[in-house]
Amino acid sequence: MATITKYTCGAWLLTLGLLSSCGKDFLSEAPNDSVTEANFYKTETDAIQATNAAYGELLTTGQYNAALWGFGDIMSDLSTTGGGGGQDGFEYQQLDNFNIATTNPLVNRLWGSCFVGIGRANIVLEKVPAITAINPAVQQRCLGEAAFLRAKYYFDLVRLYGDVPLLTKLPKTLAEVNIPRTPVDQVYAQIEADLKDAITKLPPSHSAADIGRATKWSATGLLAKVYLTRGKLADAATQARSVINSSGKTLWDNYGDNFKVANENGKESLFEAQFISGLNQWTTDGPGFSGNEFFGPRGQGIVPQGGYGFNIPEPEFVAGYEEGDLRRDVTIWKPGDSYPDGRKQPNSLPGSPNGYGLKKYFVGTVNTNIWDSELNIPILRLAEMYLILAEGVGPTEEGREALNKVRRRAFGLPINTPSNRDVTTTNPEAFTAAVRRERKYELAFEMDRWFDMKRTGELFTSPELKKKGIKSYNIVMPLPLQELDVNPGLKQNPGY
């Protein structure tokens with residue numbers, strides 16, 4: 001059961017009115033029944049609630065509940081929109097066809113969500129150091145969490161939009177909000193600095209009440225990924241190796257164990273978006289994950305609202321699984337698969353003429369709410385650290401063994417025993433290609449594939465994306481029109 005959202009109820013309330021207050025001149029008595037800046041940020045509880053609020057945006061439409069699977073999956077070579085056709089999911093159709101309007105709701109929501117998260121992290125970083133009624137260890141932890149989360153939100157922003165405004169302090173005037181875009185290199189420098197700071201402040205693990213919060217190894221793993229994205233391979237390998245050797249994390253024997261409610265925040269997990277069963281209503285901004293319904297085979301009745309059938313695996317992706325790769329049956333619904341009620345997956349479904357569907361986040365109807373679920377979304381896993389290490393060091397003995405541990409698990413083989421599925425090449429180009437292919441299938445539908453394709457140059461060599469109509473300027477998304485309207489310092493990305 002995810003824990004971080006259990007105590008974000010106060011955080012949701014906190015963020016509704018924390019930075020505003022009202023009163024009348026004729027009132028001589030200060031209000032004592034509302035939260036304001038004047039009476040908040042005084043205690044350890046205040047610090048924890050403010051920090052909890054910074055996590056909240058991970059769960060929204062702007063992040064893992066809607067936007068990131070649109071950008072990371074549907075814009076990549078993994079999947080297509082699916083759904084019911086027509087205007088159903090038009091915002092995803094725009095991404096899928098690379099005909100993306102500056103008013104696209106997902107473009108708007110991810111931008112806004114990230115900056116809300118950044119603003120909340122900045123509040124913690126500015127206000128919490130002045131709190132005296134607090135355990136120093138908790139104070140340091142809160143500051144480390146805020147630095148980690150600010151880095152995470154900026155990492156999503158800079159990879160998607162390119163240059164973005166860099167805000168590291170609470171603005172005091174409108175002019176301090178409406179600033180121009182900061183060059184990518186400067187944004188990445190801040191991301192790296194924040195993660196290094198977080199590593200020094202965060203504990204290596206948490207007790208049961210705090211499981212789900214960022215740890216030292218969350219920050220180290222994200223720093224490894226940032227270095228990989230920047231092409232700093234040696235640095236990426238160093239950070240990934242540190243996680244592998246010192247975090248105490250181990251791979252599950254079975255790949256599918258990563259995606260079970262019972263195993264949330266488990267032995268392979270470095271960081272997850274913490275969901276709980278939601279509000280019993282249609283929303284992508286509640287505390288539950290909507291993927292159970294969005295990704296369920298459309299109209300089949302194996303999820304509470306019947307299934308919407310979005311994020312449909314491309315036939316070329318499905319065909320690319322090696323024979324015997326057990327990850328396929330964890331990740332993909334395919335024709336003939338058995339449903340929980342004994343029926344079979346049809347050969348064709350609305351939105352999926354080939355009968356494929358995304359199974360990885362399937363929970364079904366047990367222990368779910370009306371249309372969402374408590375299943376967490378993995379953001380960083382140990383398996384990715386092995387793949388980063390392999391790509392970072394190349395076809396050395398260390399690199400081959402790191403890659404092959406992941407491959408052996410995929411085929412149901414002992415992780416530490418050499419097998420006939422091992423990659424043995426010592427050719428650098430062939431080995432890099434093998435590692436990148438392994439990332440595609442190991443991390444499939446974890447909402448990151450488009451970003452991988454961007455960093456490797458595959459966006460413009462992929463036959464699937466050429467077929468979708470990708471254009472040269474689609475290497476970044478448009479800035480939201482509503483942001484350009486209110487901030488004259490922003491300039492649109494070329495082509496949009």
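The values are calculated or read from the model by the stated rules, or taken from the named source; none is laboratory data. This is a predicted model, so every value here is computed, not measured. Neighbour counts run over all protein chains shown; Cβ positions are idealised from the backbone, glycine included. When the accessible area is computed, the model is the full protein with side chains, heavy atoms only, and any ligands, DNA or RNA have been set aside. Shrake-Rupley method; radii C 1.70, N 1.55, O 1.52, S 1.80 Å.
Using helices alone, I'd like the mean residue ellipticity at 222 nm for the chain: each DSSP H run of four-plus residues gives -39500 (n - 2.57), total over residue count, nearest 500.
-12500 deg cm²/dmol
Exceeding 29 Å between C-alpha atoms, which entries from my cross-link table qualify? They are K440/K466; K334/K467; K216/K334; K201/K359; K232/K440; K127/K216.
Among K440/K466; K334/K467; K216/K334; K201/K359; K232/K440; K127/K216, the Cα-Cα distance tops 29 Å for K216/K334; K201/K359.
Given the range 312-411, what whole percent of its Cα pairs are spread farther than 15 Å?
72 percent
Find how many whole Å separate the alpha carbon centroid of the range 217-259 from the alpha carbon centroid of the range 310-368.
Here the answer is 29 Å between Cα centres.
In the chain, what percent of the accessible surface is made up of carbon and sulfur (1.4 Å probe, ligands and nucleic acids excluded)?
The C+S portion of the solvent-accessible surface of the chain is 53 percent.
Taking a probe of 1.4 Å, how large is the accessible area per residue of the chain, in Å²?
39 Å²
Which whole-Hz couplings ³J(HN,Hα) result when phi for each residue of the range 72-89 is put into the Karplus expression 6.51 cos²θ - 1.76 cosθ + 1.60, θ = phi - 60°, listed in order with x for Gly and Pro?
Per residue, the Karplus-derived 3J(HN,Hα) values read x, 9, 5, 6, 9, 8, 7, 8, 10, 4, x, x, x, x, x, 9, 5, x Hz.
Grab the other residues whose beta carbon is less than 13 angstrom from that of T102, score K and R as +1, D and E as -1, and report the net.
-2
Out of every Cα-Cα pair in the chain, what percent are more than 31 Å apart?
It works out to 44 percent of all Cα pairs.
Note down the nm distance, to one decimal, between modelled labels 7 Å out along Cα→Cβ at T168 and at Y496.
Rounded to a tenth, the inter-label distance reads 2.5 nm.
What does the charge count around H206 come to, taking other residues whose C-beta lies under 10 Å from its C-beta (Lys +1, Arg +1, Asp -1, Glu -1)?
Local charge sum for H206: +1.
Where does each of 167-176, 81-90 land if you order them by average Cβ count within 10 Å, highest first?
Top to bottom by mean Cβ count within 10 Å: 81-90, 167-176.
Within the range 264-348, list the trypsin sites (Lys or Arg not before Pro) lying in a DSSP loop whose Cβ has at most 14 other Cβ atoms in a 10 Å radius.
Passing sites in the range 264-348 are K267, R343.
Mind checking which aspartates and glutamates have their Cα closer than 13 Å to the Cα of K267? Skip sequence neighbours fewer than 8 apart in that chain.
D253, D257
So which trypsin sites (Lys or Arg not before Pro) in the range 417-476 pass both tests, a DSSP loop state and at most 12 other Cβ atoms within 10 Å of the Cβ?
Counting only loop positions with at most 12 other Cβ atoms within 10 Å, the trypsin sites (Lys or Arg not before Pro) in the range 417-476 are K471.
Which GluC sites (Glu not before Pro) from the range 303-390 combine a DSSP loop assignment with at most 13 other Cβ atoms within 10 Å?
E322, E323
Can you give me the C-alpha center-to-center distance between the range 173-206 and the range 419-496, rounded to a whole angstrom?
23 Å
Over the Cα atoms of the range 43-166, what Rg and Dmax result, in angstrom?
Values for the range 43-166 (Cα only, Rg and Dmax): 17.5, 58 Å.
If you split all Cα-Cα distances of the range 357-481 into 10 Å bins from zero, what percentages do you get per bin, shortest first?
Once binned at 10 Å, the Cα pair distances of the range 357-481 give 11, 32, 30, 21, 6, 0.
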